[in-house]
Structure formats: C-alpha cells, structure tokens
Amino acid sequence: QVQLAESGGGLVQAGGSLRPSCVASGSISSNDRLGWYRQGPGKQRELVATITSGGNTNYADSVKGRFTISRDSAKNTVSLQMNSLEPEDTAVYYCNARTFYKNYWGQGTQVTVSS
C-alpha cells in the first residue's frame with residue numbers, strides 16, 4: 001500500500017504561482033513513477049505532468065513552459081511548480097504514484113485561479 005498526501009493548493013489570481021507538493025509513504029520505491037493529474041469542473045481527469053526515477057518528464061501541452069515537475073526520491077516527494085496560472089488551470093490536482101503493481105492516488109488539493 002502507498003499513501004499520498006497533497007498540500008499546497010489554494011486560490012490565486014491569473015498570472016500567479018503555486019507549488020503543490022505530495023508526500024508518498026508506505027510501499028513506495030524510488031523507482032516508481034510519480035505525477036500530477038487534475039480534474040476541472042465538468043471535465044475528465046487529465047494528465048498534467050509525470051516524472052520517472054531517471055528524471056524523464058512528460059507534460060500536457062496546455063501546461064508546457066508554465067509548469068515544472070520535480071521529485072526528491074530520498075524523501076519520496078513530488079512537487080509541481082505552477083507559474084503563469086490561468087483560470088483554465090482551476091481544478092482539483094491529484095498526486096499519482098505508479099508502482100510496478102498498482103496506481104495510487106491522493107485525495108487531491110484544490111487549485112482555483114481567478115481572472
């Protein structure tokens with residue numbers, strides 16, 4: 001079992017920044033892929049960014065150049081630096097851990113961007 005705990009969401013104006021982070025505990029490995037997904041109102045959950053143990057990153061086209069994902073494998077944490085936030089970024093952001101056996105999800109942290 002893996003437990004994920006997000007924090008760092010909030011309310012910001014357009015153009016602002018947030019840096020949610022996620023702490024993984026339990027049967028987590030430094031080799032597991034970590035990432036962030038989000039679900040906006042009336043929308044499906046979508047990938048935001050992922051990062052492998054080797055540092056390979058993948059970003060949704062809508063956030064490229066604005067968001068940066070990073071991880072600290074020793075601490076089993078993953079963060080998402082979000083800059084130049086737009087109202088369209090408003091969503092619940094979910095931490096994800098993809099182990100060899102199973103996907104795990106956090107409870108989510110709300111990000112609201114006002115215009």
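Throughout, read-outs are computed from the coordinates displayed, never taken from laboratory work. Because the structure is predicted, anything quoted here is derived from the model rather than measured. Positions of Cβ are backbone-derived with ideal geometry, glycine not excepted, and every protein chain shown enters the neighbour counts.
A few remarks follow.
- Computed from the alpha carbon atoms alone, the convex hull of the stretch 1-45 holds 114 Å³ per residue.
- Here the label points at ARG98 and LEU11, each 7 Å from Cα along the C-beta direction, are separated by 3.5 nm in the simple model.
- Modelled spin labels at GLN81 and GLN1, positioned 7 Å past Cα toward Cβ, are 3.5 nm from each other.
- Here the chain yields Rg over Rh of 0.95, to two decimals, using C-alpha coordinates and the Kirkwood radius.
- Column: log10 I(q)/I(0), Debye, Cα scatterers of the stretch 63-115, q = 0.24 Å⁻¹: -1.07
- Exposed-loop-free span, longest in the chain, where trypsin sites (Lys or Arg not before Pro) count as exposed if DSSP calls them loop and at most 16 other C-beta atoms lie within 10 Å: 1-42
- Partners of LYS43 within straight-line reach, counting aspartates and glutamates whose Cα lies under 20 Å from its Cα and excluding those fewer than 8 residues away in the same chain: ASP61, GLU86, GLU88, ASP89.
- The gain in end-to-end length when the SER115 to GLU88 segment is fully stretched comes to 8.8 nm, 0.36 nm per residue minus the alpha carbon separation.
- Once the Cα-Cα distance is subtracted from the 0.36 nm per residue extended length, the ARG66 to SER27 segment shows a gain of 10.9 nm.
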